[in-house]
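Asks: The structure that follows is given in the form of structure tokens.
The values are calculated or read from the model by the stated rules, or taken from the named source; none is laboratory data. No experiment lies behind these values; they were computed from the predicted model shown. Here the Cβ is made from the backbone with ideal geometry for all residues, glycine too, and neighbour counts use every protein chain on show.
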Amino acid sequence: MTTTMLDALKLIAGRSGEAMHDALRAIQAVTAGSPVVQQRYNHVAEIALNDASAEWMPDERQAIIAHMDATDATNREYSLRIRLTDAERDALKEQAGLCGQTMSEYVRRMIFPTP
């Protein structure tokens, strides 16, 4: 399945309730030629792929992953899934947003601070 980033964002917007709003904003960024498209896409894809209510076929998952910037996942082979309450997730998302980071980036920086 070969898709464009825009196609992948449309797929995400239609399938992931958690990522829909951000996906629509990323679609606007793509059509406007925004310089932060890749960061927005990475953020949206991360949310969508971790959305437990969204069901992805293997080829759809690969199409979404194909457009993610590899520099964000350099040498990272493992993912960690944790359970949070709605309040905990909201607080984590807010704190990460205040720092201009995805939730994954924020948690990594909290656990593994760099000097």
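Asks: Within the stretch 62-81, count every residue that is among the hydrophobic types (A, V, I, L, M, F, W, C), modelled with pLDDT of 75 or more and part of a helix (DSSP H, G or I).
Replies: The qualifying residues number 4.
Asks: Restricting the stretch 39-48 to residues that are buried (at least 18 other Cβ atoms within 10 Å of the Cβ) and not basic (K, R), which is farthest from R83 (Cα to Cα)?
Replies: In this case the residue turns out to be Y41.
Asks: Okay, moving on. Do you know which residues across the stretch 1-47 are closer than 21 Å to Q101 by Cβ and among the acidic types (D, E)?
Replies: Residues satisfying the conditions are E18, D22, E46.
Asks: Considering (1) at positive phi; (2) crowded, with 18+ Cβ neighbours inside 10 Å, say which one G100 fails and leave the rest.
Replies: (2)
Asks: Consider S53 carefully, then state whether it is among the polar types (S, T, N, Q), in contact (Cβ under 8 Å) with a residue 24 or more places away in the chain and part of a loop (DSSP other than H, G, I, E, B).
Replies: Criteria met by S53.
Asks: Continuing with this model, one more query. Select from the stretch 100-115 the residues that are assigned to a loop (DSSP other than H, G, I, E, B) and at pLDDT 80 or above and write down the one among them that is nearest to M68 (Cα to Cα).
Replies: T102
Asks: Quick check on my filter: what residues within the stretch 1-27 are more than 11 Å from Y41 (Cα to Cα) and either modelled with pLDDT of 90 or more or part of a helix (DSSP H, G or I) (or both)?
Replies: Across the stretch 1-27, the qualifying residues are T4, D7, K10, L11, A13, G14, R15, S16, G17, E18, M20, H21.
Asks: Among the listed residues L84, L49, which satisfies the condition of being at pLDDT below 95, in the same structural domain as G97 (by TED's automatic domain parsing) and not basic (K, R)?
Replies: The conditions single out L84.
Asks: Next question. In this structure, is L80 closer than 23 Å to F112 by Cα and either more than 14 Å from the chain's Cα centre (by Cα) or buried (at least 19 other Cβ atoms within 10 Å of the Cβ) (or both)?
Replies: So L80 fits the description; yes.
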